[in-house]
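The values are calculated or read from the model by the stated rules, or taken from the named source; none is laboratory data. Treat the numbers as computed from the prediction; the structure is a model and nothing was measured. Cβ placement follows ideal geometry from the backbone for every residue including glycine, while neighbour counts extend to all protein chains displayed.
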Amino acid sequence: MRCFFFDGDGIEVTFIGLTITNGYASSSSPDGAYGGAVHTTSTSVSLTFTSCTISSSSATYGSGVYVGSSAMLVMDFCTFYYNRGASAGGGLYFSGSSATLSHLTFSTNYAAAGGGAYLTTGAVLLVGYAFESNTGSVGLDLFAHSSSALTLESSCDSDTYNYGRNLLECSGCSVPFLPAQYDIQYVFPSPVPTLAPVTSSSSAPTSATNGTVPVPPLNWCAISTPGIEVDSQNSLAASIVPNRTVYLSADVYLSSTLYLLIGVNERLDGLVVDGGGQYKVDGQDSVRCLFLYGSGMQVGLKDLTVTNCSISSGSTHGNYGGAIYVGGGAVLEMDGCTVSNSKTASYGQGAGIYVDEATLILVNTVIEFNVMHYGKGAGVYLTSSSVLTMAGGSLKNNFARSAGCYTAATMEGGGLYVSNGALATITDGASIENNIAYRGGGIYVASYGELVLQNASLIGNSYTKVFSGSTYTSWYRSGCSAGYDYRSYGGGIYADSNAKVTLVGSIVKSNAAYYYGGGVYFSSGTSASIHESKFSSNYARYRGIQ
């Protein structure tokens, strides 16, 4: 049954140090399936919770606490743990007038919308928070309706910071990606129970037996110091603050993605992660390695290898960027780095790096051996309004390929994909070599995308690895009918209609396409400018050998 129900104007109730658990409300409960542990919809009700735990409760709306009408809510140092709701607000459902929520923990709650909390109306101030392992379909951690006024604040002091610890999945927040741990003290439970969705007709859940309620005390707030050495994922995450150089003293193996995000009150600027030319960040073939997001942020990686990163089709923030995701206006500069052996799930984009309306600067950096099936931009993918500047280094041995008979349109840009409105400038001896895709083995430039190659080279790119001397064989797999698999265009570059391509002092050599444009294929309407560049030993079976 429901634990507490408040009905009547002018009620003021304070809970201190109380655990409220195993509450349950269904459609047959008094006042319906709202608030498994606590429910109020009366006007002028004021509820205050201090150092309380709301756990293992269930309802259709607000499994832990449901606050409606013009009620007011104040919570300080409280935990919502393992509450399960069928529809909205696994931990908290708020549609009152105002709420001040300080140092709250939402862990392992479930609801279809707002696994941790669901906010519909009223002014909500969330100061110092921690979200972990909440689940649902929309807003895994937090769902903020457009009619609610949500303010997020860090509890860290003004000269300390907190970045890199998980991702706040918030539907409706003004910034789509925020740090999920922004509290001065918190430790997550381990192990945690496995959740299953429930309906309003489900029986009340029992207390979790294979997990413990989170307890303090670990200080996540870090001071920005000139330089620090790290040797593990925890120490690296705790060291992500503005204006600091972090030196790896060992290889760092990741069990979860490392998030470099805009803060609630500040941007993450001036951070440099330095691998010293010998250490790596390794995703162990199970997680995306780095996720960088936030307008105006500038982060650098130096002499660092990022490798063995992987994302699945079920990743909560998309099948994009197997190794690195850069978005939201952020700037990532990589100097002397390597991004290698990473992948997306099928039909992904950017197995190496995905740049989403952001800027990527590569200096003497190598992007290699990144692979995807039926995807685009195996090495690097640029969305609209993104900018790539590449000086020196190489994009090589990246593959956008199929495991069967699929049309060329599903696999484009083995080394680089330049979307509509994106700009890629490749200079200073940079090379695009031995990449594979069905159209644009080296580079695919979409309609209204722009590519500039100056003193760069395109060598050995194709739709197939089969190469012998100056001829290509085994163009398509046995059993694939005409119109599939073998119809490739633009071994080196494929430029779609209305794309803009400029080559100055560059080399286009030993690239191959089965159909047209061994070196370069320009669609109707492409704007092309070629100066002092050399084409040699390219191959196409039909037209446009070079």
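Here's a check for you: in the range 119-160, which residue that is among the β-branched types (V, I, T) and part of a loop (DSSP other than H, G, I, E, B) is surrounded by the most Cβ atoms within 10 Å (Cβ to Cβ)?
Across the range 119-160, the extreme among qualifying residues is T120.
With respect to the numbered conditions (1) among the aromatic types (F, W, Y); (2) touching a residue at least 60 places away in the same chain (Cβ under 8 Å); (3) in a strand (DSSP E or B), which one is the sole condition not fulfilled by Y347?
Here Y347 clears every test but (3).
N134 passes all but one of (1) over 23 Å from G318 (Cβ atoms); (2) in contact with a Ser or Thr (Cβ under 8 Å, 6 or more places away or on another chain); (3) modelled with pLDDT under 95; which number fails?
Unmet for N134, out of (1) over 23 Å from G318 (Cβ atoms); (2) in contact with a Ser or Thr (Cβ under 8 Å, 6 or more places away or on another chain); (3) modelled with pLDDT under 95: (1).
Filter the range 138-185 down to residues that are on the phi > 0 side of the Ramachandran plot and touching an Asp or Glu at 6+ places or on another chain (Cβ under 9 Å) and give me whichever is modelled with the highest pLDDT.
Step one: of the range 138-185, the residues on the phi > 0 side of the Ramachandran plot are 139, 164, 166, 172.
Adding the requirement that they be touching an Asp or Glu at 6+ places or on another chain (Cβ under 9 Å) leaves 139, 166.
Details: G139: 84, N166: 76.
My answer is G139.
Determine which single condition A71 fails, assuming it passes every other condition in (1) under 33 Å from the mean Cα position of the chain (by Cα); (2) crowded, with 24+ Cβ neighbours inside 10 Å; (3) closer than 16 Å to T121 by Cβ; (4) of a type in the set (A, V, I, L, M).
So A71 meets the others, but not (1).
Does the range 12-23 include one or more residues that are in contact with a Pro (Cβ under 9 Å, 6 or more places away or on another chain) and either among the hydrophobic types (A, V, I, L, M, F, W, C) or buried (at least 24 other Cβ atoms within 10 Å of the Cβ) (or both)? Steps first, answer last, please.
Looking only at the range 12-23, we keep the residues that are in contact with a Pro (Cβ under 9 Å, 6 or more places away or on another chain), and these are 22.
Among the residues that remain, those that are also either among the hydrophobic types (A, V, I, L, M, F, W, C) or buried (at least 24 other Cβ atoms within 10 Å of the Cβ) (or both) are: none.
Among the residues of the range 12-23, not one is in contact with a Pro (Cβ under 9 Å, 6 or more places away or on another chain) and either among the hydrophobic types (A, V, I, L, M, F, W, C) or buried (at least 24 other Cβ atoms within 10 Å of the Cβ) (or both), which makes the answer no.
Quick test for you: out of S312, S295, S340, pick the one residue that is within 23 Å of S133 (Cβ to Cβ) and hydroxyl-bearing (S, T, Y).
Unique residue meeting the criteria: S312.
Report yes if S385 is surrounded by fewer than 18 Cβ atoms within 10 Å (Cβ to Cβ), assigned by TED's automatic domain parsing to the domain that holds G296, within 22 Å of the chain's Cα centre (by Cα) and under 23 Å from K500 (Cβ atoms), otherwise no.
Judged against the criteria, S385 is a match.
Could you list, in sequence order, all residues of the range 19-41 that are assigned to a loop (DSSP other than H, G, I, E, B), more than 12 Å from A86 (Cβ to Cβ) and more than 36 Å from the chain's Cα centre (by Cα)?
Selection gives S28, S29, P30, D31, G32, T41.
Can you name the residue in the range 234-256 that is modelled with pLDDT of 90 or more and not in a strand (DSSP E or B) and is also surrounded by the fewest Cβ atoms within 10 Å (Cβ to Cβ) among such residues?
Filtering first and then ranking leaves S255.
Considering every residue within the range 103-110, establish whether at least one is assigned to a loop (DSSP other than H, G, I, E, B), in contact (Cβ under 8 Å) with a residue 12 or more places away in the chain, surrounded by 22 or more Cβ atoms within 10 Å (Cβ to Cβ) and in contact with a Gly (Cβ under 8 Å, 6 or more places away or on another chain).
Yes: one or more hits.
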